[in-house]
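So the structure is just underneath, and the comments pick up after that.
The values are calculated or read from the model by the stated rules, or taken from the named source; none is laboratory data. Quick caveat: nothing in here was measured; it's all calculated off a predicted structure. Reconstructed Cβ throughout: ideal geometry from the backbone, glycine too, with neighbour counts over all protein chains shown. Side chains included, ligands, DNA and RNA excluded: accessible areas come from the protein's heavy atoms. Shrake-Rupley method; radii C 1.70, N 1.55, O 1.52, S 1.80 Å.
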Amino acid sequence: MSALLSAVRPPRPSRPEWLSSPRVLRTEVLAGLVVALALIPEAISFSILAGVDPRVGLFASFTMAVTIAFTGGRPAMISAATGAVALVVAPLAKEHGLDHLVAAVILGGLLQVVLAALGVAKLMRFVPRSVMVGFVNALAILIFTAQVPHLIGVPWLVYPMVAVALAIMVFLPRLTTAVPAPLVAIIALTVFTVAAHLTVPNVGGEGTLPDSLPTLGLPDVPYTLDTLRLIAPYALGIALVGLMESLMTAKLVDDITDTHSNKTRESWGQGVANIVTGFFGGMGGCAMIGQTMINVKTSGARTRLSTFLAGTFLLVLVVALGDVVALIPMAALVAVMIIVSVGTFDWHSIEPATLKRMPWGETIVMVITVIGTLVSHNLAVGVVLGVLAAMVIFARRVAHLVEVTSVLDPDGGTRIYHVHGELFFASSNDLVSQFDYAGDPEHVVVDMTEAHIWDASSVAALDAITTRYASRGKRVDIVGLNPASASFHENLAGTLTAGH
């Protein structure tokens, strides 16, 4: 009986790893702190980009990170206010104000939940590796170029400070990994700046930090069909861009950590996080790839605790310790992001030996993804262009793999054509021209044993072949179709031309 009960009793949930390991707990806590510090100037910058008060971006980063820590499908991934979402909502905020922006964020979150239920996460299987490499490389370039404005027109002291911070983050891990090197660099430069009374750009100069907690409420907009028509396009943009960046980032973290994540849960988790963020007056967001790399790759975090603490520390730092945080020199945070960009870039992908071995189509797809992202400053646009380019190149490559050979029956009364390859719109267009309609005997056999029909274009091509022979009084038998192709052909044959 006891054995039977143990078999049907649900397993006890395992304890989080950080509860049973002080070392893991320390790693997660310190990683969360580093990410929180790096989030502050980013959130302020994205708020300015969206045309809203810096507090809107900071509160959004807090609510997104804390919510996704519970609802997300990829542990240790950081979600917060992002530049991609800021670009989507900026026109709405400029023309109609913050309340309409917040309403769009809530609707965007609802759309993400719906898309998750419809299985949008399964679309990730159609993202080729070359697009993923281009996505990563474009991300690294964008992270680096975003730091350039902080290095132009600044006091000369900024440059040696950046150099010192870079040196700390490069060489300290060789001595010890007990404390994240980025945290050491931030604290060291802040203490030095304050002690030496240096006048250099700091976090406080990026925007006003909030001095109160976010409050729960509904956007003050007319709840009418006109409002829905106004915000719906922006909400759809938030949903699509947010899901694409989040799922791509989740896949990247999967590869780095050699673990699997629940992409469907991540999809609706992002939606829930945006809904919560909207109710707290935030600007919405999605996965932040730069901060995720700091958390996972630089700091070594692996659990949801680091994500939760990143949001919690962010709120504590800007509300309770805002005066202290404002003193952090931007040079330290710029150095952190430079290290992240260098570590994120896939240097192996541009090595001459790799480029020489790689098929030209793969390299073109990677380049298109990078260029599309850099020109639009939108990772989602780059990924879409890369996937479209990959589809075109794949179709072109497969189209050339179709081969038609023929033999004449010994009695001379039958010509047998053997079709080899995958028949679809790109390959079937050339199929019609590979038959000798005038010179063939009265009976023609088209053997499809080594071929497969994928679309209506292929059925139409076979119909055209049959029709041309029939116009000359010749009979065609199509044989060897596999069950799937036979069903496709049977359902559509003779129905694809006018008059049927």
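Could you work out what % of the accessible surface of region 219-259 is carbon and sulfur, using a 1.4 angstrom probe and leaving DNA, RNA and ligands out of the count?
Its accessible area is 65 percent carbon and sulfur atoms.
Per residue, how much accessible area does the chain show when a 1.4 Å probe rolls over the protein heavy atoms, in square angstrom?
Per-residue accessible area for the chain comes out at 47 Å².
How much FRET efficiency would the formula 1/(1 + (r/R0)^6) give for VAL392 and THR215, where r is the Cβ-Cβ distance and R0 is 45 Å, rounded to 0.05?
0.35
Name the shape class, rounded, prolate or oblate, that the alpha-carbon gyration tensor gives for region 132-178, where a ≥ b ≥ c are the square roots of its eigenvalues, rounded holds for a/c under 1.5, and otherwise prolate holds if a/b is larger than b/c and oblate otherwise.
oblate
Per residue of region 371-385, what does 6.51 cos²θ - 1.76 cosθ + 1.60 with θ = phi - 60° give for ³J(HN,Hα)? Whole Hz please, x for Gly and Pro, Karplus curve as stated.
Listing the rounded values in order: 5, x, 5, 5, 6, 8, 6, 9, 4, 5, 4, x, 5, 4, 4 Hz.
In degrees between 0 and 90, to the nearest 10, how far off the longest principal axis of the chain does helix 456-471 point, with axes built from Cα atoms?
The answer is roughly 20 degrees.
Consider all pairwise Cα distances in region 73-188 and report the whole-number % of them above 26 Å.
When all Cα pairs of region 73-188 are counted, 50 percent exceed 26 Å.
ALA438 label point, 7 Å along Cα→Cβ, cut-off 19 Å on backbone N: hits in region 392-430?
415
Looking at the chain, what % of its DSSP beta bridges pair antiparallel, to the nearest 5?
The antiparallel proportion sits near 40 percent.
Carbon and sulfur atoms: what percent of the 1.4 Å accessible area of region 325-417 do they account for?
After summing per-atom areas, the C and S share lands at 71 percent.
Simple spin-label model, 7 Å along Cα-to-Cβ: MET358 to LEU374 in nm?
So the two model labels end up 1.4 nm from each other.
Counting Lys and Arg as +1 and Asp and Glu as -1, each charge on the Cβ, what is the dipole of the chain about the Cα centre in debye, to the nearest 20?
In debye, rounded to 20, the chain gives about 1320.
Report the calculated FRET efficiency for ASP258 and ALA167 (r = Cβ-Cβ distance, R0 = 30 Å), to the nearest 0.05.
Efficiency, from the Cβ-Cβ distance: 0.50.
Quick one: dipole size for region 206-346, taken about the Cα centre, charges +1 on Lys/Arg Cβ and -1 on Asp/Glu Cβ, in debye to the nearest 20.
In total the dipole reaches around 340 debye.
Expressed in nm to one decimal, what extension gain is obtained for the pair HIS400 and ILE187 from 0.36 nm per residue of sequence separation less their Cα-Cα distance?
Taking 0.36 nm per residue and subtracting the Cα distance, the gain is 70.7 nm.
I need the shape label for region 48-122. Rule: rounded when a/c is under 1.5, else prolate if a/b > b/c, else oblate, with a, b, c from the alpha carbon gyration tensor.
Here region 48-122 falls in the oblate category.
For region 196-250, go through all pairs of different Cα atoms, get the mean of 1/r, take its inverse, and jot down that Kirkwood value in Å. Don't jump to the answer; show the numbers that get you there.
Numbers: mean 1/r = 0.0626 Å⁻¹.
After inverting the pairwise mean of 1/r, the radius is 16.0 Å.
What is the spin-label model distance, in nm, from ARG475 to LEU198 if the labels are put 7 Å beyond Cα along the C-beta direction?
Placing both labels 7 Å beyond Cα along the Cβ direction yields 9.2 nm.
Going by alpha carbons, how many degrees (0 to 90, nearest 10) lie between the helix axis of 483-492 and the longest principal axis of the chain?
Here the helix axis deviates by roughly 80 degrees.
Points 7 angstrom from Cα along the Cβ direction at LEU321 and SER20: gap in nanometres?
Spacing of the two 7 Å Cα→Cβ label points: 3.1 nm.
For the chain, what is the number of Lys pairs with C-alpha distance below 27 angstrom, counting only pairs 8 or more positions apart or on separate chains? Working shown, then result.
Details: LYS122/LYS251; LYS122/LYS263; LYS122/LYS297; LYS251/LYS263; LYS251/LYS297; LYS251/LYS356; LYS263/LYS297.
For the chain, the number of qualifying lysine pairs is 7.
Based on the alpha carbons, how large is the Rg to Rh ratio for region 259-374 when Rh follows Kirkwood?
1.05
Compute the helix-to-body angle for 330-344: its Cα long axis versus the longest principal axis of the chain, expressed 0 to 90° and rounded to tens.
The angle comes out at about 30 degrees.
Please report the spacing between the Cα centers of region 205-264 and region 280-355 in Å, no decimals.
17
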